[in-house]
Amino acid sequence: MATFNVLIVAEFNGIAEEAEKEVFLRLEEACFERIPTLSRAWEIKLDAPDEAEAKNDAIEKFVNVCRTNPFELRMVVQSGTGLVIRRKKEFEP
């Protein structure tokens, strides 16, 4: 088991400003560290057997935080030298 830094850059479409602020706060509570030089980028450290598992765990955690509000989430996820993962999720009210 190793520790991986996972970077997530996200785009929030169709979300109310107050709901977005709430999501940002909840992401910080879920151990996502906001990257100050990018407006919607977070990093999280996770223990996992490999990079792919770390990325999948980070995506699952991120989506679970975001799913309480209706909007479209688009994200790019990267860790180490592995492939970049792109995901799009629609959350219904």
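The values are calculated or read from the model by the stated rules, or taken from the named source; none is laboratory data. Being a predicted model, the structure only gives us computed values, none of them experimental. We place every Cβ from the backbone using ideal geometry, glycine too, and count neighbours over all the protein chains shown. All accessible areas refer to the heavy atoms of the entire protein, side chains included, with ligands and DNA or RNA removed. Shrake-Rupley method; radii C 1.70, N 1.55, O 1.52, S 1.80 Å.
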(request) Determine how large the accessible area of Lys45 is when every protein chain is in place; take a 1.4 Å probe and give Å² rounded to the nearest 10. (result) 140 Å²
(message) Quick check: the angle from helix 17-29's long axis to the longest principal axis of the chain, C-alpha only, nearest 10 degrees?
(response) 30 degrees
(request) Could you calculate the contour length gain from Asp57 to Lys88, that is, 0.36 nm times the residue separation minus the distance between their Cα atoms, to one decimal place in nm? (result) 9.6 nm
(request) Return one whole number: the accessible area per residue of region 2-91 in Å², for a 1.4 Å probe. (result) 58 Å²
(request) For Rg and Dmax of the Cα atoms in Å, several values are listed as [x] 12.8, 39; [y] 13.8, 50; [z] 15.0, 51; flag the one computed from this structure. (result) [x]
(request) Measure off 7 Å from each Cα along the Cα-to-Cβ vector at Asn13 and Arg34, then give the distance between these two points in nanometres to one decimal. (result) 2.4 nm
(request) Just grab the label-to-label distance for Arg74 and Asn5, each label 7 Å out from Cα along the Cβ direction, in nm (one decimal). (result) 2.6 nm
(message) Using only the alpha-carbon atoms, how far is helix 51-66 inclined from the longest principal axis of the chain? Give it as 0 to 90 degrees, nearest 10.
(response) 20 degrees
